[in-house]
Amino acid sequence: MRFLAGGPAAAGALALTLVLRPLPSPLVVVPALLTVAAMSLVWWPRARPLLAAITATAGVAGAAGTLAWLADPGIPGGPSTYVHTIAVLTLITLTVRWSAVRQAVPAVGVAAVSEALLGLQITQPPPSGLDAVALTLFWSVGTAGAVGLGAYLRALDRRRVEAVRQARRTQRLQLARDLHDFVAHDVSAMVIQAQAAQFLLDRDPAEAAAALRAIEEDGTRALASMDRTVRMLRELEGDSASAEPLPGLDGLPELVRRFADAGFPDTEMRVEPAGPVPREVATTIYRIVVEALTNVRKHAPAGSSVAVRVTDETGAVVVTVTDHARDQAPPRLPSAERAGVGLAGLAERVRALGGEFTSGRAAGGGWVVKAVFP
């Protein structure tokens, strides 16, 4: 905190005091000047790792000077002692805030002793016995305040670092969800199309070529999604590159068209929200449809009928994705099983937006995914 960076001002005040008042003993002035210089030095970034050593050195110099002065006391320290005290308290505060605990404890202990002894410089003659003990204890109140302030600032720094770490972790989890929701959808489509191409290669080369073109399109989209994720990661680390906005309701028609072309021609879509939908809700709806269609592609028989609906019901935006197997639906091509956590993640996201999320078997068979946004 810059309000503590008073090194030049303190040095100037000390110099002016020495000009206007009788000069105290060098045993009082020199340690004060050294401590003020040390206080100014710690704001140099390269000196910060040596902060504890600087504080301990200033403390040893101050304590030694005071004890030597007490052996033959002369003119009281006066304002120079006050400036010295402020400089020591500043060093203590900064040491508690920035230095490692194992380094800060001994350094602050030495500086605290030095600061307590400074109280003896303000009286003439120096007090003795209980008066000296009482004065040093009173002068140590500043040390307690400096330690408390340094600990408070250290806690604030720790909370700020933790908040940044948590924010980055949240963003990385979001990127992982993006990869699951978008890239996995396109990759699963590529797997199905590749299986179909193998099946049709000898029987219908034209259809096999169409499947290969679909694989190319899905691969291009998957690469685009990965590029967007990489840009977001760079932005997370401070890169100026900005990420493209995620798809919303406007991306649903193309998404459903590609899904229908991949082996589910009996797919219907109706998107009829009564008013504008917030961007975050629209993006979540797109994610829900992507995940639901991906699961249909993985688990439902080929040719199943699928209905995608985004409508308004009593002021709430409702999205449903329902699939039903048609009579005599052709068997599914074999596919690799993969455990997914997409629906669970989407349920958390929907609840975070104040909505409700359900998924389960439909009344007439098949599966239904539904989310309601207030």
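The values are calculated or read from the model by the stated rules, or taken from the named source; none is laboratory data. Since we're looking at a predicted model, the values are computed, not measured. For accessibility, only protein heavy atoms count, side chains too; no ligands or nucleic acids. Shrake-Rupley method; radii C 1.70, N 1.55, O 1.52, S 1.80 Å.
For THR314, THR358, write out the residues from largest to smallest accessible area, computed with a 1.4 angstrom probe and no ligands counted.
THR314, THR358
Which order do ILE285, ILE122, ILE215 take when ranked by solvent-accessible area (1.4 Å probe, heavy atoms of all protein chains), largest first?
ILE122, ILE215, ILE285
Need one value: the accessible area of TRP44 in square angstrom, 1.4 angstrom probe, rounded to the nearest 10.
Near enough 140 Å² of accessible area.
Can you list the residues, at least 5 places off or on another chain, whose amide H is less than 5 Å from the amide H of VAL271, using H built in the peptide plane?
VAL310
Taking the Cα centre of each part, how many Å lie between region 106-151 and region 274-322?
Here the answer is 71 Å between Cα centres.
Can you classify region 24-83 as rounded, prolate or oblate using the Cα gyration tensor, where a ≥ b ≥ c are the square roots of its eigenvalues, rounded means a/c under 1.5, and otherwise it's prolate if a/b beats b/c and oblate if not?
Cα axes put region 24-83 in the prolate bin.
For LYS370, LYS298, give me the order by solvent-accessible area with a 1.4 Å probe, most accessible first, ignoring ligands, DNA and RNA.
Correct descending sequence by accessible area is LYS370, LYS298.
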